[in-house]
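See structure below.
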Amino acid sequence: QVHLVESGGGLVQDGGSLRLSCTASRTFFSISALGWYRQAPGNQRELVATITRGGSTNYGDSVKSRFTITGGNDKNTVWLQMNSLKPADAAVYYCFARYDGTDYWGQGTQVTVSS
């Protein structure tokens, strides 16, 4: 199993920045991918960004060029730098880990963007 602990959510103004972090209970050496998804009320959970153990990244179309995911290698923490936040980015952000073919999720952290 993998336990994920998230931090960094909160309230920010339109155009502001936040940094989320997620720490896994296993080292990244044993995890194939870490990342973030988000879910707004009434919407499906959607990809924000992921990073593989090899360092490859993948971003959702709506956050490309504004969000950056870092971490991986032998670390068990990933960070999501979110810049130029918009009200449409408001959601619960869930940390994600893929370990031994199974997906694990954190409890989520709320991001609120005021206009």
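Read-outs: derived from the displayed coordinates by stated rules, not from any lab. Since this is a predicted model, take the numbers as computed values, not measurements. Methodologically, a virtual Cβ is constructed for each residue, glycine included, from the backbone with ideal geometry; neighbour enumeration extends over all protein chains shown.
Of the residues screened, Gly15 is one that is out of contact with any helix residue (DSSP H, G or I) (no Cβ under 9 Å at 6 or more places or on another chain) and within 13 Å of Met82 (Cα to Cα).
What's the total number of residues in the stretch 48-77 that are out of contact with any helix residue (DSSP H, G or I) (no Cβ under 8 Å at 6 or more places or on another chain) and not polar (S, T, N, Q)?
Initially, the stretch 48-77 is screened for residues out of contact with any helix residue (DSSP H, G or I) (no Cβ under 8 Å at 6 or more places or on another chain), giving 48-52, 54-61, 64-70, 77.
If we keep only those that are not polar (S, T, N, Q) too, we end up with 48-49, 51, 54-55, 59-61, 64, 66-67, 69.
Looking only at that region, the number is 12.
A single member of Val92, Val111 is in contact with a Gly (Cβ under 6 Å, 6 or more places away or on another chain), in contact (Cβ under 8 Å) with a residue 40 or more places away in the chain, under 21 Å from His3 (Cβ atoms) and among the β-branched types (Val, Ile, Thr), and it is Val92. The single condition among (1) closer than 22 Å to Thr112 by Cα; (2) exposed (fewer than 14 other Cβ atoms within 10 Å of the Cβ) that Val78 does not satisfy is (2).
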